[in-house]
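A quick write-up on the structure given underneath.
The values are calculated or read from the model by the stated rules, or taken from the named source; none is laboratory data. Note that the structure is a prediction, hence the values are computed from the model and not measured. Reconstructed Cβ throughout: ideal geometry from the backbone, glycine too, with neighbour counts over all protein chains shown. The area values use the complete protein model at the heavy-atom level, side chains included, leaving out ligands, DNA and RNA. Shrake-Rupley method; radii C 1.70, N 1.55, O 1.52, S 1.80 Å.
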Amino acid sequence: MSSSASAPGKVILLGEHAVVYGKPAVAIAIDREVRTTVEDSDVLMLNGSTIDLEYHPHIEHILSKYGDMKVSITTDTNLPPSSGLGSSAAFSSSLICAMRMRKNLKFDVMEIAKESFETEYAVQGRASPIDTYTASLGNGIVLNCPDGLGEPIAEVTKNGNAWKVSRIKVPDMTLVVGYTGIKSNTGPIVERVRRFMDKNTFAREVVDEIGNITEEGIRAMTRNDLSKLGDIMLKDHKLLSILGTSCNELNKLVDAAMKYSYGAKLTGSGGGGSMIALTDEPMKVAEAIILHGGLPFVVRTNPKGVGEV
Ligand code: MEV
């Protein structure tokens, strides 16, 4: 028996890191994805090799929930791994969907999103639902959306934080991703921000400020005011840099892209990974990214979330 599912990657337009503490964030599912196939097997395999579950906590968390550890899992993706583009959440959502198909459970996107978030939370130590709900639901997702702007679809609570999950209509925007080629590992970066905040009132004020400008940015996006949205993206990048989540390579790509963009910023956890630029001149931005050592690609909004393939 074989079951296959896919889920999209994402870019966070505004609000990463602060969203872990219940602030708003907005993410867009992109036209790059992870496909996962689950088949019968005598032993647990990943992409043709046996694996040690100690090094694959997502797989352990998901398979043990379904009580089915002897499967062969095959993945295929056009997302660079650990690039800040949500490959981990897309893998979790697609594996959960494929396991549910294997168990003849009905397709329930909200249940997949919830299980995917529980998996990321357990593995990462601390996480918000932004990556997993975007990978599961597709299109534009806002957490803690200003009233009246999105369509609320779920409430998620964890360890004293609460997030209202809403769908939002995303205007036509051209976004160029610049991948630094440096792998970013979300868990340790989130943990570093937490330590900074525990010790420092100033860091907590930066997180509050990210929350405030994210709200403003969401309003600008819904009015299609790309110039205002771009200004806020750059401001967000500066605040994220103060939190210690940027690096020289990301700063160089953001600087280079700004010449032809409304705005640019790191996206996802940072510390490497990727940046995004909002622009009307994607080819010029792509050239600038190449010249400064990055790998560019243009992304489009993906209306599709997780599903059978
Ligand atoms: C990672 O894509 C986004 C972070 O805010 C972590 C999270 O929300 O779980 C850095």
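What to note about this one:
- Across the range 23-36, computed HN-Hα scalar couplings (Karplus, 6.51 cos²θ - 1.76 cosθ + 1.60, θ = phi - 60°) run 7, x, 8, 10, 10, 10, 6, 10, 7, 9, 8, 10, 10, 10 Hz from first to last residue, x flagging Gly and Pro.
- Anchor LYS70: lysines whose Cα lies under 25 Å away (excluding residues fewer than 8 positions away in-chain): LYS103, LYS106, LYS114
- Three semi-axes describe the equivalent ellipsoid of the range 50-185; taken as square roots of 5 times the Cα gyration tensor eigenvalues and ordered largest first, they are 26, 19, 15 Å.
- Overall Cα dimensions of the range 170-298, principal axis frame, Å, largest first: 43, 34, 21
- Acute angle (nearest 10 degrees) that the helix 282-291 long axis makes with the longest principal axis of the chain, alpha-carbon atoms: 90
- Placing unit charges on the Cβ atoms of the charged side chains and taking the dipole of the range 41-90 about its Cα centre, the candidate lying farthest along the positive direction among SER72, GLY84, VAL43 is GLY84.
- The 3J(HN,Hα) values that the Karplus relation (6.51, -1.76, 1.60; θ = phi - 60°) gives for the range 129-137 are, in residue order, x, 5, 5, 6, 6, 5, 4, 7, 9 Hz. Gly and Pro appear as x.
- Reported to the nearest whole Å, the Cα centre-to-centre distance from the range 249-309 to the range 8-52 is 19.
- Between the beta carbons of THR75 and ILE153, assuming R0 = 30 Å, the FRET efficiency works out to 0.60 to the nearest 0.05.
- Scattering curve values for the chain, log₁₀ I(q)/I(0), Debye with Cα scatterers, q = 0.11, 0.13, 0.14 Å⁻¹: -0.62, -0.86, -1.00
- Considering only beta bridges that DSSP places wholly inside the chain, some 95 percent are antiparallel.
- For the set VAL43, VAL123, VAL20, the ranking by accessible area, highest first and with no ligand, DNA or RNA atoms included, is VAL43, VAL123, VAL20 under a 1.4 Å probe.
- Zone of ARG219's modelled label, taken as backbone nitrogen in the range 1-38 under 20 Å from a point 7 Å along Cα→Cβ: 13-16, 19, 23-27
- Nearest-0.05 FRET efficiency for VAL298 and SER49, computed from C-beta distance (R0 45 Å): 0.85
- Spatially proximal lysines relative to LYS252 (Cα-Cα < 19 Å; intrachain offsets below 8 disregarded): LYS183, LYS235, LYS238, LYS265, LYS284
- Spacing of the modelled spin labels on MET1 and ARG194, each 7 Å from Cα toward Cβ, amounts to 3.7 nm.
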